Amino acid sequence: MAGGFWEKAGGWVLPRDARGEGYWQVASNHTPQIGFCLLFVFASSWGQTFLLSIFQPHWMQVLAIDPGEMGLLYGGATLASGLLLPMAGRWLDRVEPRRAALVTLAGLTAFSLFIATVSQVWMLALALFGLRFFGQGLSSNVGMTHAARWFSHNRGKAVSLAGLGFPLGEAVLPALVTFGILAMGWRWTWALLAGVCVLVFLPLVLSLTARNLTVAPEEELSAAKAGSRKAPVTRGDLLRDWRFYAMLGTMIPLPFIATGMIFFQAVIAEQRGWGPGVFATGFLIFAVIRAACSLTTGAWVDRLGAVSLLAVPSFALALGLACLLRPEPAWAYAFFIGMAVSFGSSGAITTAAWSEMFGTASIGTIRGLSGAVAVFVTAAAPMVFGLALNLGVSIEGLVLGSAGLTLGLAWPLSIVVRRSHRVR
């Protein structure tokens, strides 16, 4: 009985496709492609906030800058890197995977070494810009863009497998980096991270790209049937298409709200009377649930289509926000679960949805433009939330306003996009 229940539950959570293929078959049949994409999504951790924030106190001490100045430096570097993402996306649509990989690794290595030598404010600003661009921006785009481009029939599973690099970095690197700082100091820790790029990532990239990274024949056939190999679209085409803006509307609330809430987690914890361990352990739960949800969503994307599932991330985020209305610490963990479901499902759904609507020939351009918008809204979130708190808006008011933005903007637009896609 238990075995039968497990089999049925697994089939519901991780459904196989019509050919009986699941995650194991996709990963084993396309190991070079999946390995390449997963590697670069993981490498994006070098420029992600969760890693850079660990070094923040050391930079402030060495350079004698206050939190406000640190925030301006980080926000400015983030915005500057976002301005280059559209150009980087167009570049990814034109170059071979091997060249894109080597340029990205070279940038990560160079700026990891450079930030280990900072002694002036301008050096830190330049180093943060480089890590944000080559890490959060270019590395993640290399991984996710090729996962969408190389797969059609199993695109959801491929994007989900590649997306596991995000929670893997969140779960593994903070503890290792913290230990490295305690053992050898923050400068040598960055030198070690640069060494990982050269001694670990580079050999893996050379090995993976030495194989044939073209799309498998069955994926080419599925792409032809599904119309994924549409003619390339230009940036002007996207900017004149209302569906592009509608899709942006479905994705903007997630990074905006999550960044604002996490940035002011100390204020939320203080007003709720929660200890510092509540949010710290919440992030561990977030990483685990996000990974599991990413896999689950990828399987359903392949079965139902990404556009049909566009409303899932916004609905999950709204439910998670509602949990913050309760004062008990247990509800904080419920918030992290809701946010993890939202992030995990969004990673698989959004990239696949762009491909379903506009094809994969220009997926780099599309992700570059949409990624730039996401960077701008995440940079603006701390300012907007901070201004609201300064004006006396309560935590309950922020939560209700955020949930209202999610349900009032993202959800209706996802329905509009889904109906338009069906008509086409």
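The values are calculated or read from the model by the stated rules, or taken from the named source; none is laboratory data. Here the structure is a predicted model, which is why all the values come from computation and not from measurement. Please note: Cβ atoms are built from the backbone with ideal geometry, for glycine as well, and neighbour counts cover all protein chains shown. The area values use the complete protein model at the heavy-atom level, side chains included, leaving out ligands, DNA and RNA. Shrake-Rupley method; radii C 1.70, N 1.55, O 1.52, S 1.80 Å.
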Study note, to complete from the structure: Under the 7 Å Cα-to-Cβ spin-label approximation, Val103 and Gln120 lie apart by a distance in nanometres of 2.9
Exercise for review: Report the relative contact order of the chain, percent, no decimals, based on alpha-carbon pairs under 8 angstrom and at least 6 residues apart.
Suggested key: 26
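Using a simple charge model, +1 on the beta-carbon of Lys and Arg, -1 on the beta-carbon of Asp and Glu, nothing else, what dipole does the stretch 31-113 show about its Cα centre, in debye to the nearest 20? Numbers along the way, then the final one.
Values: 4 positive and 4 negative charges, 75 e Å.
Computed about the Cα centre, the dipole is about 360 debye.
Tell me which DSSP H helices of the chain clear both cut-offs, 24 Å or more of axial length from alpha-carbon atoms and a mean Kyte-Doolittle hydropathy of at least 0.5.
Qualifying helices, which must be both long enough and hydrophobic enough, are 67-92, 97-115, 165-184, 277-304, 329-358, 363-390.
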Point to revise | Additional length obtainable on full extension of the chain from Phe50 to Leu63, 0.36 nm per residue less Cα span | key: 2.6 nm
Review point. Within the accessible area of the chain, what % is carbon and sulfur when the probe is 1.4 Å and the other protein chains stay in place?
Key: 70
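Write down the Å³ per residue value for the convex hull defined by the alpha carbon atoms of the stretch 312-359.
Details: hull volume 2.0 nm³, N = 48.
Each residue corresponds to 42 Å³ of Cα convex hull volume.
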Review point. Charges only on Cβ, +1 for Lys and Arg, -1 for Asp and Glu: so what's the dipole of the stretch 24-183 about the Cα centre, in debye to the nearest 20?
Key: 600
Exercise for review: Using all C-alpha to C-alpha distances in the stretch 84-204, build P(r) with 5 Å bins and read off the rounded percent in each one.
Suggested key: 2, 10, 17, 21, 22, 14, 8, 4, 2, 0, 0
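First select every other residue whose beta carbon is under 11 angstrom from the beta carbon of Phe283; then total the charges, Lys and Arg +1, Asp and Glu -1.
Values: positive: Arg290; negative: Glu170.
Spelling it out: positives minus negatives among the neighbours equals 0.
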Point to revise | Gain in span if fully extended, Thr281 to Leu387, counting 0.36 nm per residue against the direct Cα distance | key: 35.4 nm
Review point. Considering the dipole of the chain built from charges on the beta carbon (Lys and Arg +1, Asp and Glu -1) around the Cα centre, which of Leu239, Leu138, Ala80 is farthest to its positive end?
Key: Leu239
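Roughly how big is the stretch 284-424's charge dipole about its Cα centre, with Cβ charges of +1 (Lys, Arg) and -1 (Asp, Glu), in debye to the nearest 20?
On the way: 8 positive and 4 negative charges, 84 e Å.
Dipole size: approximately 400 debye.
State whether the stretch 351-424 is rounded, prolate or oblate according to the following rule on the C-alpha gyration tensor (a ≥ b ≥ c being the square roots of its eigenvalues): a/c under 1.5 gives rounded; otherwise a/b larger than b/c gives prolate, and the remaining case gives oblate. Before the final figure, lay out each step's value.
Details: a/c = 5.24, a/b = 1.78, b/c = 2.94.
Here the stretch 351-424 falls in the oblate category.
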Practice item. Could you run the Debye sum over the Cα atoms of the stretch 240-328, one equal point scatterer each and no solvent, and tell me log10 of I(q)/I(0) at q = 0.12, 0.16, 0.18, 0.25 Å⁻¹, two decimals? Key: -0.50, -0.82, -0.97, -1.39
**Study point:** Rg/Rg_globular for the chain, with Rg_globular taken as 2.2 N^0.38 Å and Rg from C-alpha atoms
**Key:** 0.96
Review point. Shape of the stretch 40-95 from its Cα gyration tensor (a ≥ b ≥ c, root eigenvalues): rounded if a/c is under 1.5, otherwise prolate when a/b > b/c, or oblate?
Key: oblate
**Study point:** Charge-dipole axis of the chain as Lys and Arg at +1 and Asp and Glu at -1 on Cβ define it, positive-most pick from Pro57, Pro327, Ile289
**Key:** Ile289
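For the stretch 11-148, what's the relative contact order in percent, using C-alpha pairs closer than 8 Å and at least 6 residues apart? Write down the numbers at each step before the final one.
Details: 117 pairs, mean separation 59.7, N = 138.
Worked out over the stretch 11-148, it gives 43 percent.
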Study note, to complete from the structure: For the chain, whose charge dipole is built from +1 on Lys and Arg Cβ atoms and -1 on Asp and Glu Cβ atoms, the candidate among Thr104, Leu204, Gly22 with its Cα farthest towards the positive end is Gly22
